[in-house]
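Read through the structure below, which is laid out as structure tokens, and then see the notes.
The values are calculated or read from the model by the stated rules, or taken from the named source; none is laboratory data. In this text, all values refer to a predicted model and were calculated from it rather than measured experimentally. Heads up, the Cβs are rebuilt from the backbone with ideal geometry, glycines too, and the neighbour counts pull from every protein chain shown. The protein model used for the area step is the full one, side chains on, heavy atoms only, and it has no ligands, DNA or RNA in it. Shrake-Rupley method; radii C 1.70, N 1.55, O 1.52, S 1.80 Å.
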Amino acid sequence: QVQLVDSGGGLVQPGGSLRLSCAASGFRFSSYAMSWHRQAPGKERELVADISAGGSTNYADSVKGRFTISRDNAKNTMYLQMNSLKPEDTAVYYCNARIWRVDHWGQGTQVTVSS
């Protein structure tokens, strides 16, 4: 049974940093691409960043240069290091694994950027 557990969100001031984690279980983590998405109130869920099984990464234009996605296959865990946070980064962040064309989601972790 695939399970994804998001953590690491919180309240941070503009310009601050947070690191999100996604602990995965129930599948061969190292064999699959993973991604982070976010959903702000009243908006659709959007892709933030993804990382292939081999470690190649892609980022949304809005977070390039500020966010870094990574994975530790020994720990079955994916990370999102978020620096220089802005109020517009406020959202619920979800990790995702697409396995055999089926999307699996974490429960989400709230990130609030506010002074």
Could you check how many residues of the stretch 83-97 are aromatic (Phe, Trp, Tyr) and open to solvent by less than 10 Å² (accessible area, probe 1.4 Å)?
1
With Arg38, Arg71, Arg28 as the choices, which residue is surrounded by fewer than 18 Cβ atoms within 10 Å (Cβ to Cβ) and either of a type in the set (D, E, K, R) or modelled with pLDDT under 95 (or both)?
Arg28
Checked the stretch 25-46 for anything over 16 Å from Tyr59 (Cβ atoms), among the polar types (S, T, N, Q) and touching a residue at least 40 places away in the same chain (Cβ under 8 Å); matches are Ser25, Ser30, Gln39
Pull up the stretch 98-115, narrow it to residues that are open to solvent by 40 Å² or more (accessible area, probe 1.4 Å) and among the small types (Gly, Ala, Ser), then point me to the one that is farthest from Lys43 (Cα to Cα).
Ser115
When restricted to Ser84, Ser114, Ser25, Ser31, the only residue on the phi > 0 side of the Ramachandran plot, over 10 Å from the mean Cα position of the chain (by Cα) and of a type in the set (Gly, Ala, Ser) is Ser84
